[in-house]
Amino acid sequence: AEIMMAGDVPGETVVDFSKTIYKEAQRLISLVSDIIKISELDEKNTGFEQEPVELFELSKSVTERMKPVAEKRNITLNVLGGTAKVMGVSKILEEMIENLVDNAVKYNKDNGTVDVIVTSSDNTCELVVRDTGIGIPQEEQKRIFERFYRVDSSRSAEKGGTGLGLSIVKNGAALHGGKVAVRSTPGQGTVMTVFLPLEEIN
């Protein structure tokens, strides 16, 4: 940007410089936005009252919005399961689903599959996001929910993201009285499961 301001950039390279500036600006916007979300979850200061949320319909809405990105790599997105209502903050639950599906697409293989599965039994709702991607080594799985931790920094930088997505998922689950678990095999895929309590909705 400084070089462009000084007028020292040949006309044919201005577009390339502009693309780089735009890409980095978008990355910083995402980073600041995610840091704000984490801070709100830390303080349990979401600014939203809990309400009945239908997770199956919410999952379908989020997945439909993300299909264009998946289609670029011929990745199939499926939403399976059925109705599961919880008391929660819709905006945060939506963010959790979006982060899980986004990761499942980013770290998938071309022509792969992402399944979002919503089920409920007894007093628990399970939100499962299963992919056929590159997987996560066993020794790394305990750390993936840490803030800014990346399994492969070079690959993560290439794919984009802030390193806060799974931390938001973990903190969001905790806010709702739930938890998140991971099961993964390198080269075969990853299964992320969010467990949320089913509460009686009047």
### Max mean-square fluctuation residue, GNM over the chain, Cα-Cα springs under 10 Å, options Asn111, Asn123, Asn171
Asn123
### Task
Let me have the 222 nm mean residue ellipticity of the chain computed from DSSP H runs of 4+ only, each contributing -39500 (n - 2.57), with the sum over all residues rounded to the nearest 500.
-14000 deg cm²/dmol
### Query
With no solvent and one point per C-alpha, what does the Debye sum give as log10 I(q)/I(0) for the range 43-104 at q = 0.19, 0.23 Å⁻¹?
-0.74, -0.96
### Summary
Ranked by GNM mean-square fluctuation in the chain (Cα springs under 10 Å), the top entry among Val69, Val116, Val89 is Val69
### Summary
To the nearest 20 debye, the chain has a Cα-centred charge dipole, built from +1 on Lys and Arg Cβ and -1 on Asp and Glu Cβ, of 500 debye
### Query
In bins 10 Å wide, starting from 0, what share of all Cα pairs of the chain does each bin hold, as a percent?
8, 32, 34, 16, 7, 2, 0
### Task
At 30 Å minimum axial length over the Cα atoms and a Kyte-Doolittle cut of 0.0, report the qualifying DSSP H helices in the chain, or say none.
11-42
### Task
At 1.4 Å probe size, with no ligands or nucleic acids counted, give the accessible surface of Ser121 in Å², nearest ten.
70 Å²
### Carbon and sulfur %, accessible surface of the chain computed with the full protein complex present, 1.4 Å
50 percent
### Summary
Links exceeding 30 Å between C-alpha atoms in this model, out of Lys19/Lys179; Lys23/Lys85; Lys85/Lys109; Lys19/Lys72; Lys19/Lys142, come to Lys19/Lys179; Lys23/Lys85; Lys85/Lys109; Lys19/Lys142
### Query
Based on the alpha-carbon gyration tensor of the range 34-140, what equivalent-ellipsoid semi-axes (square roots of 5 times the eigenvalues) come out, in whole Å, largest first?
25, 18, 14
### Query
Can you tell which of Val128, Gly82, Thr190 lies farthest toward the positive end of the dipole of the chain, using +1 and -1 charges on the Cβ of basic and acidic side chains (Lys, Arg; Asp, Glu)?
Thr190
### Message
Keeping every protein chain present and rolling a 1.4 Å probe, give me the accessible area per residue for the chain in Å².
### Response
58 Å²
### Summary
For Ile117, the net charge from surrounding residues (Cβ-Cβ under 10 Å; K, R +1; D, E -1) works out to -1
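The values are calculated or read from the model by the stated rules, or taken from the named source; none is laboratory data. Because the structure is predicted, anything quoted here is derived from the model rather than measured. Backbone-built Cβ (ideal geometry, glycine too); neighbour counts: all protein chains shown. Just the protein is used for accessible areas: all its heavy atoms, side chains included, with ligands, DNA and RNA removed. Shrake-Rupley method; radii C 1.70, N 1.55, O 1.52, S 1.80 Å.
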